[in-house]
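The values are calculated or read from the model by the stated rules, or taken from the named source; none is laboratory data. Keep in mind the model is a prediction, meaning the values are calculated, not measured. A quick note on method: Cβ atoms are made from the backbone with ideal geometry, for glycine too, and the neighbour counts reach across all protein chains shown. What goes into the accessible areas is simple: the full protein's heavy atoms, side chains included, and nothing from ligands, DNA or RNA. Shrake-Rupley method; radii C 1.70, N 1.55, O 1.52, S 1.80 Å.
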Amino acid sequence: MSNKKSQINLLNHSEAKVKLFGDYIQKYLNIICNDGYTKAIHIVDLFCGPGVYENGGEGSPVIALKKVKQTYYQFIDKRVVKSPKIHCHFNDIDQDRIKTLDDHIKENKLHYPNFGTLNLVNKDYLKIVEELPNKFRKFKDTKAFVFIDPFGYKEIKAEHILNLLDCNNNAEVLLWLPIQFMYRFSKAGTPDVLENFNTQLGIDKNKLKNEWEYIRSLKEGFQYFIGNNYFVDSFTLKKEENTVFCLFFFSSHIRGYEKMLETKWDIDTEQGRGWKYNSNQSTLFSVLETNRLEDLLLGYLKEGRTNGEIYEYTLRQGFLPKHSTQILKKLQSDNRLDLSKEDNSKIRKGAFYINYKEYKEYLNKLTIKLK
């Protein structure tokens with residue numbers, strides 16, 4: 001087994017990563033288990049690790065199993081109507097780590113067959129990531145969530161993400177990347193594998209000034225590569241000034257994407273960007289982020305936009321519907337908006353219908369344009 005510190009102890013940034021993973025998995029399971037048509041859910045962790053660490057920290061597979069168990073007893077077991085089985089698949093190329101995970105699951109009774117199947121696998125990442133899309137395509141009325149948490153970045157390719165998403169519109173992916181290492185190597189002595197990765201995503205390393213620009217370029221590059229039928233966002237984890245990690249979230253469904261954004265904003269209530277350590281600085285969301293979103297909306301609303309278009313635009317910029325609604329109310333009170341309803345009915349002040357239900361059922365209910 002590797003003696004790397006991060007592989008025997010759960011470090012601070014990893015703890016934050018696992019919290020985001022766990023919080024989202026809980027929301028994800030709550031939604032899917034209550035949607036009325038999904039028959040099965042597959043949770044796949046491709047670099048699962050031992051699940052428990054020498055310092056007592058819990059890794060992603062243990063967190064996932066606890067969320068599955070909680071969901072089962074809170075929702076599924078009490079239902080008369082049949083609810084989806086939740087199948088867990090944990091892979092790690094290191095047999096010792098899988099053995100540690102297996103022993104911990106049994107000792108702590110983290111899984112029972114009535115939850116769904118439990119598969120512990122020893123495969124090379126490149127092999128299993130090529131197999132999954134074909135398996136996903138065979139699923140019917142099934143959802144899948146894939147967590148990719150490599151010990152580096154050398155095996156990760158953008159097409160892996162697209163291939164997983166492009167499977168009957170039923171998959172979501174969470175990818176963890178060591179940004180500070182990738183940025184440093186991008187600027188000096190770039191390995192061929194990283195050069196190819198950056199080139200594939202259209203990143204010009206000569207134009208990068210810091211890690212934050214690199215993260216933004218990666219997000220834009222991923223979005224361009226996977227196309228606008230899918231959604232991508234990032235969540236940064238900053239331990240020190242030059243120690244930055246990043247989670248990238250990919251979804252084939254706008255509702256799942258919104259739920260991940262909600263999870264981000266629950267953790268970072270000021271900016272919805274990430275998690276910082278050892279920092280006493282205020283980020284002043286009310287000044288910085290609201291102004292940024294308002295500037296974006298002022299440009300976007302120069303043309304008439306429907307409530308559905310504004311909903312999607314807001315999410316793609318990394319904000320929640322409540323943020324846009326807050327700004328629109330301000331603009332309306334300043335008499336800066338022209339509003340018209342599709343059915344010509346009376347317009348209620350402060351009602352902009354920017355939410356998933358209206359997006360799904362009444363996409364063009366209201367048109368908004370800046371005066």
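For the reader, a short list of remarks on this structure follows.
- Some residue of the range 213-229 being surrounded by 12 or more Cβ atoms within 10 Å (Cβ to Cβ) and at pLDDT below 85: no
- Complete set of residues in the range 17-56 that are under 17 Å from the mean Cα position of the chain (by Cα), modelled with pLDDT under 90 and within 17 Å of Phe151 (Cβ to Cβ): Lys17, Val18, Phe21
- Among the residues of the range 339-346, at least one is acidic (Asp, Glu), over 26 Å from Glu262 (Cα atoms) and open to solvent by 60 Å² or more (accessible area, probe 1.4 Å).
- Inter-residue pairs, beta-carbon under 7 Å, first closer than 11 Å to Phe139 by Cα and in the range 33-46, second open to solvent by 10 Å² or more (accessible area, probe 1.4 Å) and charged (D, E, K, R), 6+ apart: Thr38/Asp141; Thr38/Lys143; Lys39/Asp141; Ala40/Lys85; Ile41/Lys143
- Meets criteria (assigned to a strand (DSSP E or B), surrounded by 15 or more Cβ atoms within 10 Å (Cβ to Cβ), in contact with a strand residue (DSSP E or B) (Cβ under 7 Å, 6 or more places away or on another chain) and at pLDDT 95 or above) for His104: no
- Restricting Leu315, Leu363 to residues that are touching a helix residue (DSSP H, G or I) at 6+ places or on another chain (Cβ under 7 Å), in a helix (DSSP H, G or I) and closer than 26 Å to Trp265 by Cα narrows the list to Leu315.
- Answer residue from the range 79-101, given it is assigned to a loop (DSSP other than H, G, I, E, B) and either among the hydroxyl-bearing types (Ser, Thr, Tyr) or under 21 Å from Glu155 (Cα atoms) (or both) and is most open to solvent (accessible area, probe 1.4 Å) among those: Ile93
- Among the residues of the range 231-276, those identified as modelled with pLDDT under 90, of a type in the set (Val, Ile, Thr) and not in a loop (DSSP other than H, G, I, E, B) are Thr236, Thr243, Val244, Thr263, Ile267.
- The range 169-212: number of residues that are surrounded by fewer than 16 Cβ atoms within 10 Å (Cβ to Cβ) and assigned to a strand (DSSP E or B): 0
- Annotation note: Cβ proximity below 8 Å between a residue of the range 253-270 that is closer than 17 Å to Ile32 by Cα and a residue that is among the β-branched types (Val, Ile, Thr) and open to solvent by 20 Å² or more (accessible area, probe 1.4 Å) (sequence gap 6+ or interchain) occurs for Arg255/Ile31; Gly256/Ile31; Lys259/Ile31.
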